[in-house]
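Here, each number is a calculation from the coordinates, and none is a lab measurement. This structure is a prediction, so every number in the text was calculated from the model and none was measured. Virtual Cβ from ideal backbone geometry, glycine too; neighbours counted across all protein chains shown.
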Amino acid sequence: MDAIPITRALVAAVAPTGALRVALNMGNPILTGSRGGAPAPAGVAVDLSHEFARRLGVAAEFGQYRSAAESLAAVTGGAADIGFMAIDPGRAEGIHFTGAYLEIIGSYVVPPGSPIERNEQVDSPGIDVVVGLESAYDLFLTRHLRHARLLRVPLSEQVVEDMVAGGHAAGAGIRQQLEADLPRFPGVRLLDGGFMVIRQAAIIPAGRPAEARAAFDAFVEWARGSGFVRDALARHGIEGAQIAASP
């Protein structure tokens with residue numbers, strides 16, 4: 001983005017209200033989690049937003065949403081200018097994805113005493129998999145599971161609790177979120193590896209002018225390649241994610 005001139009027209013195209021309105025998915029601990037204990041929202045997505053706003057010469061204003069679906073609706077509905085979420089073709093209508101800057105593993109958990117040992121065993125007749133509604137892994141598994149049935153809960157943080165309480169065979173989610181839940185549920189196991197790689201990107205309404213989309217693309221690519229994202233992960237004590245490969 002350093003090579004893109006910051007003009008009044010560009011600022012108006014990206015942030016038409018005079019502030020950069022950001023939709024934060026508070027259900028994704030990789031993006032909005034911080035071990036610093038900050039009272040306000042903190043994390044990689046917050047740092048990216050502040051830096052982009054600084055370059056535009058405007059303030060960043062944050063809307064906090066419980067899920068990716070809610071934050072997506074904020075961007076497509078005009079309540080936010082940008083957001084952060086996994087790339088998925090099921091979310092493509094009305095938004096423009098930047099290139100990926102992070103990769104996160106999607107994994108399965110199983111309840112105490114489960115005979116399931118491997119990821120491929122989950123897609124079997126009679127298996128119910130608990131997932132967060134319209135999450136990246138819900139969209140992915142909807143396309144790929146052939147035998148197992150998906151049971152959707154409103155929030156990703158509910159997956160393990162609902163799996164155990166409902167006696168269901170498996171749960172699916174972001175590996176870090178599932179790992180954080182394990183101490184509360186003795187005997188629940190996280191299967192080795194993962195069933196998908198979740199490529200995290202940023203979004204802007206597809207209807208914004210081409211120069212706005214190009215500037216945001218360039219900024220996210222700069223953040224990925226320059227070490228900004230890597231440093232933000234370290235600053236907030238976030239594990240379980242890796243920098244996305246160069247496009």
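So the values come out like this:
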read-out	value
Rounded Å value of the spacing that divides the Cα centres of segment 100-162 and segment 13-72	27
Alpha carbon convex hull of segment 104-196, projected area averaged over orientations, nm²	5.1
Extension gain (nm, one decimal) between GLU103 and LEU182, 0.36 nm per residue minus Cα-Cα	26.2 nm
Segment 193-200 - phi-based ³J(HN,Hα) in whole Hz, Karplus 6.51/-1.76/1.60, Gly and Pro as x	x, x, 9, 7, 9, 8, 8, 8
ASP192 paired with GLU120, simple spin-label distance in nm, labels 7 Å along Cα-to-beta-carbon	1.4
Segment 104-196: relative contact order in percent, alpha carbon pairs under 8 Å with at least 6 residues between	48
Extension gain from ILE243 to ARG66, taking 0.36 nm per residue of separation minus the Cα-Cα distance	61.3 nm
Interchain or long-range residues, amide H under 5 Å from ARG21's placed H	GLU61, ASP81, ILE82
Counting DSSP beta bridges with both ends in the chain, the antiparallel % (nearest 5)	55
Extended-chain gain in nm, criterion 0.36 nm per residue less alpha-carbon gap, LEU133 and ARG149	4.4 nm
Helix-only mean residue ellipticity at 222 nm for the chain, each DSSP H run of n ≥ 4 adding -39500 (n - 2.57), per residue, nearest 500	-9500 deg cm²/dmol
